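The next block holds one structure in the form of structure tokens; read it before the comments.
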Amino acid sequence: MLGVMTIRKDELKFREFDRYRGFYCGLCHAIGKRCGGACRMALSFEMTFMAMLLTSLYEPQTSQDMRRCAFHPVHKRLMLGNDAIDYCADLSALVSYYDLRDGWEDERRADRLAESALLKKAAIRAGEALPRQKEAVERYVSSLHEIERRNDENLDAAANLTGELLAELFVFKKDVYEQDLREMGFYLGKFIYLCDCFEDIEQDIKKKNYNPLIARSSSASFEQESRQMLEDMMARACRAFECLPLIDDAPIMRNILYSGIWLRFESAAEKRKAKGKQ
Amino acid sequence: MTDPYQVLGVSPTASDDEVKKAYRTLCKKYHPDANVGKPDAAQTEKKFMEVQQAYEEIMHRRQGGGQRAGSGYNGQQQQRQPQYEDDPFASFWGAYGGNPYGNAGGYGYGQQRQDDSIEMRAAKNYIDTGHYAEALNALGSVAPEKCNARWYYLSALAQSGLHNNAQAMEYARQAASMEPSNMQYQQLLSQLQGGGSWYSQQGEEYGRRPQNMSSLCTSIMLLNLCCMCCGGGRMMYYPMFCCL
């Protein structure tokens, strides 16, 4: 489900892109350091965005190092490091672990089991340090099963679960920003879930997976209605985002929220159109 | 209450960024951690709270005020905004001395309300008092063949109250297409779709190409319609042109 919150690179300035990559590489480095090298597979754009947002909001003391890594052995890259990034590193391991284990229990995929075994230790440690977040992930996994089992037709039923999970994860500290962070996380989560459903329709029909959009996908105005629905999600998320006192890196985050987040949807819509014409 | 702009020391015409910067500067100055052990620590803490309150008030007012207040996510149920009241023109008729069209039945909802089954009437009451889950229960007991436009309209309101904005939009669309002449249904639909057009306009600044110009135009037109209908003040006479 992850990988929706991308940047629109051609609209970013060079230094903005460097800064974004600083978060991305910094988060990857933090995951490796805190959770073990194999856990780097848990790296995601979503957590990179969260790291950037929390850094901008709380302005923690941030280290800037130029380092080489196994993936980029030639040129040194900027890696940022701070409390918020460490928090997102722990969350990455936690969420990925439950996601992979779910894949094993659901579909009996051995690769998922092997990968989740690599994350287990880190996830347990992260779960002990972040009990509230751990509980939210567990609640998410079990409630999603319930909704999939009864094949809930309500468009929001499953999306709200992802929303509630992200809402909980975005709350780094309990303070005055909690409500705006929750609201933003909630609608971002709903967007991510439903965008993913839109992309996976064909595949889910074949595999008979739960997907609330399947029943609606035969309508002629399906694409337009999906776009409208997703725009509503983002409009709500962005209203909450704009309420937060964010100065640093705000243009990069707006690039993602107002534009980059649509890249996956647009390419899926193109594909649907091309298929329809055939 | 003191003027929030004065507390932050910015003018009411300041940009969002200026407000945010002013807030950040003052926060650092008055933050309790920065003033530990100082003789006026209690006073600065009070000031700190004031600054936070002022900021919140300004930003929430700017980001769509009323609209957002109703959608506060944390499970709390709130009273419906007045614009969802059954007759959107009630205040208008009140202020201008009577409805020139005789009665609201001309639009079809006066009559419909008498037709409402017990379940629908119960649902309406639940929605009015903010008990959305109970409203959905009541609506769920209506037989599928009796699900008319009003059923979809009430379902949309209840879903919206439960933060089910996608389902709400779908129901509102259904209600509006079943009875295209009903202003109340059209208004709810454009209200639910209204945020999207604001967002799309912002997106163009960040390189997102406008999709489906026709749909964007319609939604802006519908939004205008909605703003005019429920907007207050002098513009009040305006809706009559577009509603006809």
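The values are calculated or read from the model by the stated rules, or taken from the named source; none is laboratory data. Small disclaimer: the values here were computed from a predicted structure and weren't measured. Using ideal geometry, Cβ is built from the backbone for each residue, glycine included, and neighbour counts are taken over all protein chains shown. The accessibility values were calculated without ligands, DNA or RNA, using every heavy atom of the protein model including side chains. Shrake-Rupley method; radii C 1.70, N 1.55, O 1.52, S 1.80 Å.
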### Task
Would you pull out the residues with amide H under 5 Å of A:R77's amide H, same chain only if 5 or more places away, H placed 1.01 Å from N?
A:R67, A:R68
### Query
Can you give me the Cα centroid spacing of region A:160-185 and region B:1-55 in angstrom?
24 Å
### Query
A:I247 to A:K9: extension gain in nm, 0.36 nm per residue of separation minus the Cα-Cα distance?
83.7 nm
### Message
Quick one: 3J(HN,Hα) in Hz for region A:266-278, Karplus 6.51/-1.76/1.60 with θ = phi - 60°, rounded, Gly and Pro as x.
### Response
4, 5, 5, 5, 4, 4, 4, 4, 4, 5, x, 6, 4
#### Entry: Rel. contact order, % - alpha carbon contacts under 8 angstrom, at least six apart, region B:154-215
20 percent
### Message
Step by step: find N for chain A, compute 2.2 N^0.38 Å, then divide the Cα radius of gyration by it. What's the final number?
### Response
1.00
### Message
Taking 19 Å as the cut-off for C-alpha to C-alpha distance, list the pairs among A:K134/A:K174; A:K9/A:K277; A:K174/B:K29; A:K208/A:K271; A:K33/A:K121; A:K173/B:K28 that go past it.
### Response
A:K9/A:K277; A:K174/B:K29; A:K208/A:K271
### Task
For region B:119-168 and region A:51-88, compute the distance between their C-alpha centroids and round to whole Å.
48 Å
### Summary
FRET efficiency (B:E18, B:S141; Cβ distance; R0 41 Å; to 0.05) is 0.15
### Task
Alpha carbons only, please: Rg and Dmax for region A:1-88, in angstrom.
12.5, 35
### Query
Could you sort A:R67, A:R149, A:R239 by accessible area so the largest value comes first, with the probe set to 1.4 Å?
A:R149, A:R67, A:R239
### Message
Output wanted: per-residue J couplings in Hz (rounded whole) for region A:29-35, from phi through Karplus 6.51 cos²θ - 1.76 cosθ + 1.60, θ = phi - 60°, x for Gly and Pro.
### Response
4, 5, 4, x, 6, 8, 10
### Task
Could you let me know the centre-to-centre spacing of region A:241-255 and region A:91-109, using Cα atoms, in angstrom?
32 Å
### Query
Which one of A:F198, A:L244, A:F186 is farthest out on the positive end of the charge dipole of region A:170-278, using unit charges on Cβ (Lys, Arg +1; Asp, Glu -1) and the Cα centre as origin?
A:F198
### Message
Debye calculation, C-alpha points only, no solvent: report log10 I(q)/I(0) for region A:30-76 at q = 0.13 Å⁻¹, in the same order as the q values.
### Response
-0.39
### Query
How large is the charge dipole for chain A, taken about the Cα centre, if only the Cβ atoms of Lys, Arg (+1) and Asp, Glu (-1) carry charge, to the nearest 20 debye?
1020 debye
### Task
For region A:130-278, state what percent of all Cα-Cα pairs lands in each successive 5 Å bin, counting from 0 Å until the bin that includes the largest distance.
2, 9, 16, 20, 18, 15, 11, 6, 3, 1, 0
### Query
Which whole-number percent gives the relative contact order of region A:1-79, counting Cα pairs below 8 Å spaced six or more residues apart?
36 percent
### Message
Which residue fluctuates most in the GNM of chain A (Cα springs below 10 Å): A:K121, A:K173, A:K33?
### Response
A:K173
## Note on the structure
quick shape note, region A:165-207: Cα extents on principal axes in Å, largest first -> 46, 12, 8
#### Entry: chain A, helix-only ellipticity at 222 nm - DSSP H runs n ≥ 4, -39,500 (n - 2.57), divided by all residues, nearest 500
-23500 deg cm²/dmol
### Query
If all Cα-Cα distances of region A:1-152 are sorted into 5 Å bins from 0 onward, what percent lands in each bin, rounded to whole numbers?
2, 9, 16, 20, 20, 14, 9, 6, 3, 1, 0
### Task
Quote to one decimal, in nm, the extra length available between A:T62 and A:Y210 on full extension: 0.36 nm per residue of separation minus the C-alpha distance between them.
49.0 nm
#### Entry: Local net charge near A:A38, Cβ-Cβ under 13 Å (Lys/Arg +1, Asp/Glu -1)
+4
### Query
Quick one: length gained pulling A:D83 to A:K277 fully straight, 0.36 nm per residue minus the C-alpha distance?
64.8 nm
## Note on the structure
A:D152 and B:E45 label points (each 7 Å along its Cα→Cβ direction) are spaced in nm at 4.3 nm
### Task
May I ask you to evaluate 6.51 cos²θ - 1.76 cosθ + 1.60, the Karplus curve with θ = phi - 60°, for each residue of region A:151-156 and list the ³J(HN,Hα) values in order in whole Hz, giving x for glycine and proline?
6, 4, 7, 4, 4, 8
### Query
Any number yet on Rg/Rh for region A:86-173, C-alpha, Kirkwood?
0.99
